[in-house]
Every structure is written in C-alpha cells, then in structure tokens.
1. Rolling a 1.4 Å sphere over the protein heavy atoms, what is the accessible area per residue of the chain, to the nearest Å²?
2. Cα axis of helix 2-24 to longest principal axis of the chain: angle in degrees, 0 to 90, nearest 10?
3. Under a GNM of the chain (C-alpha, springs under 10 Å), which listed residue has the highest mean-square fluctuation: ALA160, ALA225, ALA101?
4. Could you sort 112-123, 194-205 so that the peptide with the highest average Cβ count within 10 Å comes first and the rest follow in order?
5. Counting only protein heavy atoms and using a 1.4 Å probe, what share of the accessible area of the range 26-92 belongs to carbon plus sulfur, as a whole percent?
6. If you build a Gaussian network model of the chain, linking Cα atoms that sit under 10 Å apart, which residue out of GLY224, GLY128, GLY50 swings the most?
7. Could you work out the relative contact order of the chain? I mean the mean sequence separation of Cα pairs under 8 Å and 6+ apart, divided by the number of residues, in percent.
Amino acid sequence: MKKLNLLLTIILGITILSCSSDDENSSGNDSDLIGTWYGVSSTFNGNNSGIPDNSILKFTTDNRVEFIYEGFGNNGEDISEFGDWLENGNTLTITFDEADAGLENYVLEILELNDTTLKWRTEIVGEGTLIETFSKNQNATVDLSQFQDYNLEFTVDIAAFGPNEPYEFQATFLTTDGDDQVVEMTETYSGLTANTDDFISDSKIVKEYKVVGVRATAVSSNVGALQVKLTRVSNQNEIVNSFENIPNSATISYDFETGNETSTSN
C-alpha cells in the first residue's frame, strides 16, 4: 500500500509539473495568437511609420508562423518568411527558417494580446524601438492616440488698401482619421482690416498620421497668400513652413508616411 501511495504521489507530482510547464509555454493550440493578423500601424522611436512592412501575419496551432510582405517582391509580388514561434509569458520568440547569421531569432515583447488586437515591441540593435499593432479585422480602425501631436497652423495674408476694408475667406483643416478617411473641417473668416496688410491665423492639434494640411479659398478679392506651418508639439521641430498664392484657392498638405509636401493653387 505504501508503495502504491508513493507511486501515485510521483505521478501526481509529474502531472502538476507538466501542467505548470504548459501554462508558461504556449503549445500553440489555445493561444490568442492563432489566426491571421493584419497590420494596422507602427511607430519607430515614437515616430509614425505607417502600416508594418510585414503587413499580414499567420500563426498556426503547430507553432508555425508566416510573415507576408505585400508588394515587396522584385516585380511587385508578395514575399513570405516562415518560422517557428514560441510564446512564454509576454515574450514571443520567432525562429526563422532562413535568416542571416545572428538574426535567426526575433524576440518581441507582447504589449497587448486578445481576440482582436496584437501589439508588440522590439529593440533593433543600434537603431531604436519598433512598436507594431495588428488586428484580426482586416478593416480595423487605427488607434490614433499612439501617434505624436503636431500643431498645424495657417496664416492668410489680406492685401488691403487701407483700414476698415472687408475681407472674407474659408479655411479648411485636412486630417486623416483612423479609418483612413480624409476629414475636412471648414470655417469662414471675415471682418474688417485694421491696417494696410492684415494677417489672419488659426491652428489645430493634429496627429502624426497620413495626410494633414490646410486649404484656403478666397471669397473677397483682397485675400492674398496662404502660409502653413506644421510643428511637432513635444520638441517644437518644424517640418513644414510653406507659402502659396491664392488666386482662388490654395492647398498645402503633408504626408507623414512618405514625407512628401504638396502645394497647389488655382
């Protein structure tokens, strides 16, 4: 009987240790990682980097993963990287099948993981911190709160001939929302000039996401030129300071993803 009790105790101990090990290291069968994830957004050293290059991820129950880079092939085709994955607490390790020496293991810190959202962070040696967010909803709304604040300011020159001359124009702030739709906020500015030349200014805090800008449309004939400044709130770094004449309308915009500034007038 004592031998039987000892045997049962040993078996029970092995079972408990096995369960504990399974809790710490996911077998892949019950992890929230399982499924297809679509890139939503990324930041590098706190700056917006757009949709992750590895825009689609596929995790399977046999602890295999596929990173899909849409359009990265020489002829515009998709390319894939394959590997094994291991989840241990909030640490995710990807071991790629093919990688340069020393780059086989991709270690990530899981910041958020649930049925719909995957967010992770990794340190790229000598470069900085990369944070990427994915969703199981292919058309997920981007959480703009993670992006830096910028001050978007415009100034319109009123080329009057003297004081008390009426002026009127419309100014439209352009931003991009979390559904990647351009949002336009238009306001009419009017009044009487105080001097020979007046300058009418206004500003708005915008997020470092895709396209932002200002469009000015003249109503009175004395509306002269549009100046737009875009400045990062945290360090006052100015990335746009441009002028454009307003025959009828002028637009100055900036794309955070490409770094391109665009000015048009008509």
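The values are calculated or read from the model by the stated rules, or taken from the named source; none is laboratory data. Note that the coordinates shown come from a computational prediction; the quantities given were computed from them, not determined experimentally. When we count neighbours, we look across all protein chains shown, and the Cβ atoms used for this are built from the backbone with ideal geometry, even at glycine. Just so you know, the surface numbers come from the protein's heavy atoms only, side chains and all, with ligands and any DNA or RNA stripped out. Shrake-Rupley method; radii C 1.70, N 1.55, O 1.52, S 1.80 Å.
1. Details: 14760 Å² over 266 residues.
For the chain, the solvent-accessible area averages 55 Å² per residue.
2. Roughly 20 degrees between the two axes.
3. ALA101
4. Most protected by this proxy first, the peptides run 112-123, 194-205.
5. Carbon and sulfur atoms account for 43 percent of the accessible area of the range 26-92.
6. GLY128
7. That works out to 14 percent.
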